[in-house]
Amino acid sequence: EMFWCLSNDGSHFNGIFTQNDTKIVWMTGVNLNSQENIDQDLYMPAYFYPKIFSFDILTGEFDFYDMDIQGVDPTDDIPAIPWDLDEDGEVDEYYTDGSVYIPLSMSSYFFNSDQGYSDTFFHESYFRIAASEDDHVVALWQDCQKARFAYFDEEGYEGWYKQPEIMISASPDGGMTWSQPLVMNANPNDNVIDPDNHYENHFVPEFAGMLPVYFAIYDKLIYQGDDVYRFHTAFFDDNDYGGAAAQSVGSGTLNGGKLRYMALDLNLGFQQSDNTNIPDASVVLSQNHPNPFNPSTRIDFQIREADNVKLEIFNIKGQKVKTLLEGFIPAGNYSREWNGSNDAGKKVTSGLYFYKLSCKEFSSTKKMILLQ
């Protein structure tokens, strides 16, 4: 029998107050474990993902939000089951050998093939959160999903060896709802959009030549005007991948690094669209409708400036299924239909899919459920 429980993994976190100091909000991890392991003080670090917790001091009630692996409703009190994200009681997808495909959260900066699931996830998951006086909240954590695939020689991930990413998500309402993550990294290969090699143009030139890890942020967002909020952070620029992970087996060479400071300004001018709070940006992607759907669904989006735009469908393995749009289009409102077929015209199986809209300066991803 398996249980979801608060985990020692992700124990490096802070909390903040919102709603006139009547709510406490923090981000930590939940872990899927067996009773046998729990009795022996053991854990299953691979089945672990970050989650927002909010506690109302006045009512004594909790609210939740799944920040990475998400079920049908990330705000409900049902923990996400990685192999059944559409919550229909059946496994979403199998490998060709018949084993169950389980998407994993990689909320750590460091991964190696020997101890990537144990020591790393116990010691190297760090969750940081900050809030403004008007209840805008920003959460920061790191992710090594692509680095993990590179270690296991997954095709197309060769350029992600020893390259973690920084994830930042924002909330306009004290931590109740959250934006899609803003992704940043120091991988110079990721300066283009290239789906075959999983490059999404999230390289930050200011990070060139660095390995930014161990972020600590000031827990107050400072309003700068015009919907811009600044948060201050310090991080360690490691000289060797995993060198600072001294507690982890098989870590890098402990040869020092630099302590650096960064101030990051975020435009948190949220707009309301189809009951989804999203940051102001050059494109606006709405939730598909109907959802779940059979046999087809419509995806609406808005382009505020003429740009080269791509709208793609991916399965839960991250494999591209269908390209609905690719090319230069003028500013305006658009919609595209998807009938559940791939680029070869064949019908795909029921399950959870993701649609991603990207242009030069922005990308947005949402999920949908196909029922055949």
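A short reminder: the numbers here are calculations on the coordinates, not readings from a lab. What you see is a predicted model; the values in this text were computed from it and never measured. Cβ: placed from backbone, ideal geometry, glycine included. Neighbour counts: every protein chain shown.
Let's see if you can work this out: charge +1 on each Lys and Arg Cβ, -1 on each Asp and Glu Cβ, no other charges. What is the dipole magnitude of the stretch 1-118 about its Cα centre, in debye to the nearest 20? Don't skip to the answer; put the middle values down first.
Numbers: 2 positive and 23 negative charges, 134 e Å.
Charge dipole of the stretch 1-118: 640 debye, to the nearest 20.
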_Using the basic label-point model (7 angstrom from Cα toward the beta carbon), what is the K310 to A216 distance in nanometres?_
3.9
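Expected output is a single nm value to one decimal: the length gained when fully extending between I57 and H12, i.e. 0.36 nm times separation in residues minus the C-alpha distance. What is it?
Working: separation 45, 0.36 × 45 = 16.20 nm, distance 2.28 nm.
Using 0.36 nm per residue and subtracting the Cα-Cα distance, I get 13.9 nm.
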_Under Karplus coefficients 6.51, -1.76 and 1.60, residue-wise ³J(HN,Hα) of the stretch 253-267 in Hz, glycine/proline x_ = 6, 7, 10, x, x, 10, 8, 10, 10, 9, 10, 10, 9, 10, 7
*Exposure rule at most 16 other beta-carbon atoms within 10 Å, DSSP loop chymotrypsin sites (Phe, Trp or Tyr not before Pro): the chain longest free segment*: 219-372
*Please list the radius of gyration and Dmax for the chain, considering alpha-carbon atoms only, with Å as the unit.*
20.3, 61
*For T253 paired with F354, estimate the spin-label separation in nm (one decimal), with each label point 7 Å from Cα along the Cα-to-Cβ line.*
3.5
*Environment charge of E61, counting only residues whose C-beta is closer than 15 Å and scoring Lys/Arg +1, Asp/Glu -1*: -3
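May I ask you to derive the relative contact order of the chain, considering only C-alpha pairs under 8 Å and at least 6 residues apart, and to give it as an integer percent? Let's see the in-between values first.
Details: 901 pairs, mean separation 37.9, N = 372.
Relative contact order for the chain comes out at 10 percent.
If you count the DSSP beta bridges with both ends in the stretch 169-275, what percent of them are antiparallel, to the nearest 5? Working shown, then result.
On the way: 20 of 21 bridges.
Of the beta bridges lying entirely in the stretch 169-275, close to 95 percent run antiparallel.
Cα-Cα over 27 Å: which of K23/K162; K23/K317; K162/K347; K146/K367?
Numbers: K23/K162 38 Å; K23/K317 36 Å; K162/K347 37 Å; K146/K367 20 Å.
Those over the limit are K23/K162; K23/K317; K162/K347.
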*Just report the Cα centroid separation between the stretch 136-182 and the stretch 1-64, whole Å.*
19
*Where labels lie 7 Å past Cα in the beta-carbon direction, separation of H232 and N37 in nm*: 4.0
*asked:* Expected output is a single nm value to one decimal: the length gained when fully extending between D134 and I329, i.e. 0.36 nm times separation in residues minus the C-alpha distance. What is it?
replied: 66.5 nm
*3J(HN,Hα) from dihedral phi, the stretch 40-49, Karplus parametrisation 6.51/-1.76/1.60, rounded to Hz, x for glycine, proline*: 9, 6, 10, 8, 10, x, 5, 9, 8, 8
*Add +1 for every Lys or Arg and -1 for every Asp or Glu among the other residues with Cβ under 10 Å from the Cβ of Y157, and state the total.*
-2
*Between T22 and N239, what is the FRET efficiency for a Förster distance of 51 Å, r being their Cβ-Cβ separation, to the nearest 0.05?*
0.70
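Report the longest stretch of the chain that contains none of the GluC sites (Glu not before Pro) sitting in a DSSP loop with at most 12 other Cβ atoms within 10 Å.
The longest such stretch corresponds to 156-304.
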*Using a Förster distance of 30 Å, how high is the FRET efficiency between D88 and F152, based on the Cβ-Cβ distance and rounded to 0.05?*
0.55
